[in-house]
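Working notes, beginning with the structure itself.
A short reminder: the numbers here are calculations on the coordinates, not readings from a lab. Just so it is clear, the model here is predicted, and its values are computed rather than measured. Quick reminder, even Gly has a Cβ in these numbers, built from the backbone with ideal geometry, and neighbours come from all protein chains shown.
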Amino acid sequence: MINYLKLFLKRRNNKEIDNTSLDFLTLQNCDNAVFILDNHLISKNKISYYNCNQNIDDIQVLYFTCINNKPLLFIAGKHNSHIPTSSVNFLPTFLHLAEKLGFNPVLLTIFEETFSCDRNMFVWARKNPSNCKVLEQGKYADTILQGYELQNQAKTFVSWETPYEDVIALDEVLVTQPSNEDDLIKYTFKVPVRIGNLVLNDFSFYDCHRKNIPVSNYFSYCEYKQAINKPYAFLKNALLENKSLTNASIDTEEDKTVIFSTKVKQSN
């Protein structure tokens with residue numbers, strides 16, 4: 001750790017941009033800068049893909065990644081953003097985030113000194129209350145291939161083939177307008193949703209120009225009470241308890257990829 005701290009503190013002569021904090025007027029007029037204003041993480045870039053405007057309180061996950069050999073900080077919150085680590089004012093901004101969110105700022109130095117496009121580097125994840133649960137076998141209908149069930153009083157069942165217009169019209173669906181002009185409208189269910197043996201309190205989908213076709217992608221940000229960073233592997237195992245999913249006929253290469261990529265090796 002002492003070596004990493006020395007790396008963090010020493011000045012790098014090969015930096016083209018001085019990371020000394022600049023005044024907001026200068027930063028706002030810069031076409032490649034990142035800063036924090038009114039508790040919002042803001043990135044302004046001439047390439048719109050790298051633009052960001054997120055409330056820090058909404059950020060869920062941070063990690064370093066690489067796209068096209070360009071080192072980036074990935075931010076998952078109300079929407080996903082990628083900020084180049086080469087941005088003007090990146091270091092002071094990262095230090096502010098570290099203090100605000102409570103992670104070690106030396107992670108930036110470790111990433112820079114061991115930079116590789118072959119891997120991502122975890123920085124921080126918000127610890128949220130559990131928002132999903134797994135039902136015991138025999139206490140749910142194995143209808144995962146047909147659709148999902150709203151946990152309202154009527155236990156409304158929605159087919160995967162239901163078009164956007166009909167799902168959006170449900171009383172249980174809430175519309176969320178994006179904070180960025182380039183982002184899509186998000187629709188979120190106000191009640192928990194059961195998919196097979198999983199009950200998810202967070203279940204959403206993004207808007208589509210065509211409303212007469214089935215919703216192409218649903219998503220959920222899951223938190224689980226167990227002491228794990230993210231419950232991905234745990235939820236995969238839980239999903240595979242649905243016999244209809246594991247026994248599903250695989251008709252296309254795309255289906256084969258989805259099913260096989262979900263399988264988890266069982267210990268002997």
Using 0.36 nm times the number of residues separating Asn69 and Ser86, minus their current alpha carbon distance, what extension gain do you get?
4.9 nm
Too long for a 27 Å Cα-Cα cut-off, among Lys155/Lys186; Lys44/Lys190; Lys100/Lys133, are Lys44/Lys190; Lys100/Lys133
³J(HN,Hα) across the stretch 148-158 via Karplus (A = 6.51, B = -1.76, C = 1.60, θ = phi - 60°), whole Hz, x for Gly/Pro?
9, 10, 6, 8, 8, 5, 7, 6, 5, 9, 10
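Calculate, in nm to one decimal, what Glu113 and Ile185 gain on full extension: separation in residues at 0.36 nm each, minus their alpha carbon distance. Each step should come with its number before you reach the end.
Working: separation 72, 0.36 × 72 = 25.92 nm, distance 3.89 nm.
Working it through step by step, the gained length comes to 22.0 nm.
I'd like the FRET efficiency for His209 and Lys100, computed as 1/(1 + (r/R0)^6) with the beta carbon distance as r and R0 of 51 Å, rounded to 0.05.
Values: r = 38 Å, r/R0 = 0.74.
Taking R0 as 51 Å, the efficiency between His209 and Lys100 is 0.85.
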Collect residues whose amide H, placed 1.01 Å from N in the peptide plane, falls under 5 Å from the amide H of Asn53; neighbours closer than 5 in sequence don't count.
Ser43
Over the alpha-carbon set of the stretch 21-95, work out the extent along each principal axis and list the three values in angstrom, largest first.
29, 28, 22
Just flag the trypsin sites (Lys or Arg not before Pro) in the stretch 171-218 sitting in loop per DSSP whose Cβ has no more than 10 other Cβ atoms within 10 Å.
Arg210
For Gln153 and Arg126, extending 7 Å from Cα along the Cα-Cβ vector and measuring point to point gives, in nm, a value of 3.2 nm
Sorted by packing (mean other beta-carbon atoms within 10 Å per residue), highest first, where do 37-44, 116-123, 198-205 land?
198-205, 37-44, 116-123
How far apart, in nm, are two points set 7 Å out from the Cα along the Cα-to-Cβ line at Val175 and at Asp38?
2.4 nm
